[in-house]
1. Kindly express, to the nearest 10 degrees and within the range 0 to 90, the angle between helix 66-78's C-alpha long axis and the longest C-alpha principal axis of the chain.
2. Where does each of L81, L136, L109, L29 land when they are ranked from fewest to most other beta-carbon atoms within 10 angstrom?
3. Go ahead and estimate [θ] at 222 nm for the chain from helices alone: -39,500 (n - 2.57) per DSSP H run with n ≥ 4, summed, over the residue count, rounded to 500.
4. Does anyone have the angle between helix 36-48 and the longest principal axis of the chain? Alpha-carbon axes, 0 to 90°, nearest 10?
5. Helix 126-147 versus the longest principal axis of the chain: what angle, 0 to 90°, nearest 10, using Cα atoms?
6. Around T99, which amide H atoms from residues at least 5 apart in sequence, or from another chain, sit under 5 Å from its own amide H, with H modelled in the peptide plane?
7. Tell me, what are the semi-axes, in whole angstrom and largest first, of the equivalent ellipsoid of segment 10-147 as set by the roots of 5 times the Cα gyration tensor eigenvalues?
8. Ranking L36, L135, L105 by Cβ neighbours within 10 Å, fewest first, what do you get?
Amino acid sequence: MDNGRNKNHYGILIQRLAKNIKYLADENLSKHNITLEQVKIMQFLNNSGESGAYQKDIEQNFAIKRSSVTNILQNMEKRGLVTRVGDASDARIKRALLTQEGRDLSKTLKDFIYNLETIILKDMTEEEMDLFKKLLEKSMSNVEKLIH
């Protein structure tokens, strides 16, 4: 495959996989005028139920900076996909809720996320999928230890 020139260059493979996933996502999501990050947050909010989720929960779940989450949510709010409300006990704490339009779009795009994951795992045995997941989790954990 690489004739030994790039032996052990896992970073390049990871970067290429991430870039190709983003390319596929952007190509398919552009017709909905939405980004992959927004879709992931919509799915998270959809799974959070009627009460939505605190911005801090979104930050932690996706390991995204506060300013980035604020920006993403503001853009989603402008599109009418989410509303943000202050907490009853502390208005500085924001909770994000999907609007009806956001719930509808989330349902439409749920299959897209499933299909994307199916493509990534295509031709892998159950054992390979389990190992792939464990290795990804281990790699994430190793990197996160350096960040926190």
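1. Rounded to the nearest ten degrees, it is 60.
2. Ascending number of Cβ neighbours within 10 Å: L136, L29, L109, L81.
3. -22000 deg cm²/dmol
4. For 36-48 against the chain, the angle is about 60 degrees.
5. 70
6. Those qualifying (amide H under 5 Å, at least 5 residues apart or on another chain) are V82, T83.
7. Semi-axes (√(5λ), whole Å): 28, 19, 14.
8. Starting with the residue having the fewest Cβ neighbours, the order is L135, L36, L105.
Throughout, read-outs are computed from the coordinates displayed, never taken from laboratory work. Just so you know, these numbers come straight off a predicted model, no measurement behind them. All Cβ positions, glycine included, derive from the backbone under ideal geometry; neighbour counts span all protein chains shown.
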